[in-house]
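K.L.:
The structure's right below; bear with me while I get my questions together.
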Amino acid sequence: MGFPSVDPASGEKLRDYPEWDTTRLDRALDLAQAATPRWGSLEVGERCKKLRELAQVLERHRDEYAEIMSREMGKVMAEARAEVEKCAGACEYYADEAPRMLADLVVGTDARRSLVAYQPLGVVLAIMPWNFPFWQVIRAAAPALAAGNAMVLKHADNVPGCAMALDQAFQEAGFPTGVFQTLMISIPAVDESIRDPRIQAVTLTGSEKAGMVVGKTAGEMLKKCVLELGGSDAFVVLDDADITLAATQGCISRFQNTGQSCIAAKRFILVEQAADAFLEAFRANAALLKYGDPRAEGTTLGPLARLDLRDKLHGQVQDAIERGARPLLGCQKPTGKGAFYPASILDGVRPGMRVWSEEVFGPVACVIRVKDEEEALEAANATSYGLGGSVWTRDSRRGEAFARRMQSGSAFVNRMVKSDARLPFGGIKRSGHGRELSIHGIHEFVNIKTISID
């Protein structure tokens, strides 16, 4: 069995990548284990030099990497280029900040000297998804490697070309052999790898189901685990919102990356006084989106990454309509080649519909109408997910107070939810646990060691 790379815009098979056997996997884990003490013993500044070189490699090959992403998972070219640039920026950020983040913290105690040291754990297994095939890897790898760990990557089965391109980028940047490796292994081999004593920690970005499986195995082996899972982010429009701003940003937040983002706005919770005006502007913006070949100029909505994902999305839409939701835009599955789906809006979403309780991973906006601010908060928190959310109001103090009461790992006021290397990223409830990025992300995969001296 191998890993076929398929263009979701045309259905064309691009290439087959062979799966590793156990001997090849064993050799890779040996290399990672051997590389870890040498890499971890380097001064943090030396490790950061390699991150800067990786940033340069990413910038140098930006268009090439964007093309691979576009062909393999359907990302529109402008968004693909921006993703590579964001990866380079994260490498630069940790190259600048890691020495400060990893410096000993001296604490006054009754000992002559007490301090907290941050030391690497060892080899980290990263299990990463297809929707942001470069960014998800780099945002996990940059802090882990800066901290002195090695990393082995199990990428999503449908983006093997992206996985190999990342492997080559680390090689071109001059990282020592074994410090970063892509494992061409199947999902059943992941469980065995987590259990392997050469792996010290695991980080996963993926579905809720995958998180439960990985978290269970990591827990059984008592290994550190960070889980960044699904989301059903609320986009709350209060009665005093700037409607033009909210509708413009809401359209970007829902439909960028063809709606395939864990932190995309998914549930549009509208206070009745603002609902009709917002929907009129939002629908007008969404109607301008054009789906088609993601590499063609003028395309603003690419295909979904796979046909089965498109079919699941349409099944959710049909269920909602059958249960009383009103299709305001799109909601029809196109005929012909490619995993395309139009920008769609469902009004009148309520409990009992699949789109109420499930994550909607595609270009479909679900509208929930509420009476007032308190009912909006109740609806925002009425989900098993807790990744991100946003609230829109002209009163920033009111917005901050609302944001503080949202049950989520991040909350934005008059801004769409997005990840930023300077801020911690992660969720609560069934959106996972642990944090990526910022100082919190680099401290996830270190031994926070107390040293006390008399």
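K.L.:
Scanning for something acidic (D, E) and either part of a strand (DSSP E or B) or outside the structural domain of G74 (by TED's automatic domain parsing) (or both), does the range 214-232 turn up at least one residue?
P.N.:
Looking for residues that are acidic (D, E) and either part of a strand (DSSP E or B) or outside the structural domain of G74 (by TED's automatic domain parsing) (or both), one finds at least one in the range 214-232, hence yes.
K.L.:
Could you grab me the full set of residues in the range 206-232 that are in contact (Cβ under 8 Å) with a residue 60 or more places away in the chain, surrounded by fewer than 22 Cβ atoms within 10 Å (Cβ to Cβ) and among the acidic types (D, E)?
P.N.:
The answer is E208, and nothing else.
K.L.:
Return yes or no: is V190 part of a strand (DSSP E or B) and under 18 Å from L31 (Cα atoms)?
P.N.:
The answer is no for V190.
K.L.:
Of all residues in the range 344-373 being small (G, A, S) and over 21 Å from the mean Cα position of the chain (by Cα), which is surrounded by the most Cβ atoms within 10 Å (Cβ to Cβ)?
P.N.:
Start the filter on the range 344-373 by keeping residues that are small (G, A, S), which leaves 344, 348, 352, 357, 362, 365.
This time we only want the ones that are over 21 Å from the mean Cα position of the chain (by Cα), so: 344, 348, 352.
Numbers: S344: 24, G348: 17, G352: 11.
Among those residues, the one meeting the criterion is S344.
K.L.:
Say whether the condition of being within 30 Å of G302 (Cβ to Cβ), surrounded by fewer than 14 Cβ atoms within 10 Å (Cβ to Cβ) and not acidic (D, E) is met by at least one residue in the range 18-41.
P.N.:
yes
K.L.:
Let me ask another. Just give me the residues in the range 376-424 being part of a helix (DSSP H, G or I) and either without any contact (Cβ under 8 Å) to a residue 24 or more places away in the chain or of a type in the set (G, A, S) (or both), in sequence order.
P.N.:
A376, E378, A379, A380, S396, R397, G399, E400, A401, A403, R404
K.L.:
Any chance the range 205-221 includes a residue that's modelled with pLDDT under 95 and either within 24 Å of D21 (Cα to Cα) or over 19 Å from the mean Cα position of the chain (by Cα) (or both)?
P.N.:
Checked against the condition, which is being modelled with pLDDT under 95 and either within 24 Å of D21 (Cα to Cα) or over 19 Å from the mean Cα position of the chain (by Cα) (or both), the range 205-221 yields no hits at all.
K.L.:
Output the number of residues of the range 272-303 satisfying the condition of being closer than 24 Å to P334 by Cβ and among the hydrophobic types (A, V, I, L, M, F, W, C).
P.N.:
Result for the range 272-303: 9.
K.L.:
What number of residues within the range 260-307 satisfy the criterion of being of a type outside the set (K, R), touching a Gly at 6+ places or on another chain (Cβ under 7 Å), outside any helix (DSSP H, G or I) and over 18 Å from D7 (Cα atoms)?
P.N.:
Going through the range 260-307 one residue at a time, the tally reaches 4.
K.L.:
Can I ask one more? Residue under question is R415, and the condition is that it be in contact with a strand residue (DSSP E or B) (Cβ under 8 Å, 6 or more places away or on another chain), of a type in the set (D, E, K, R) and assigned by TED's automatic domain parsing to the domain that holds V152; does it hold?
P.N.:
no
K.L.:
If you don't mind, another one. Which one of A264, A320 is assigned by TED's automatic domain parsing to the domain that holds D347, modelled with pLDDT of 95 or more, in contact with a Leu (Cβ under 6 Å, 6 or more places away or on another chain) and within 26 Å of G427 (Cβ to Cβ)?
P.N.:
Exactly one residue qualifies, and that residue is A320.
K.L.:
Do you know which of the residues in the range 141-198 that are touching a Phe, Trp or Tyr at 6+ places or on another chain (Cβ under 9 Å) and without any contact (Cβ under 8 Å) to a residue 24 or more places away in the chain is surrounded by the most Cβ atoms within 10 Å (Cβ to Cβ)?
P.N.:
D167
K.L.:
So which residues in the range 11-60 are out of contact with any Cys (no Cβ under 6 Å at 6 or more places or on another chain), among the aliphatic types (A, V, I, L, M) and in a helix (DSSP H, G or I), if there are any at all?
P.N.:
Scanning the range 11-60 gives L25, A28, L29, L31, A32, A34, A35, V44, V57.
The values are calculated or read from the model by the stated rules, or taken from the named source; none is laboratory data. Bear in mind that the values here come from a model prediction, so they are computed numbers and not experimental data. Cβ: placed from backbone, ideal geometry, glycine included. Neighbour counts: every protein chain shown.
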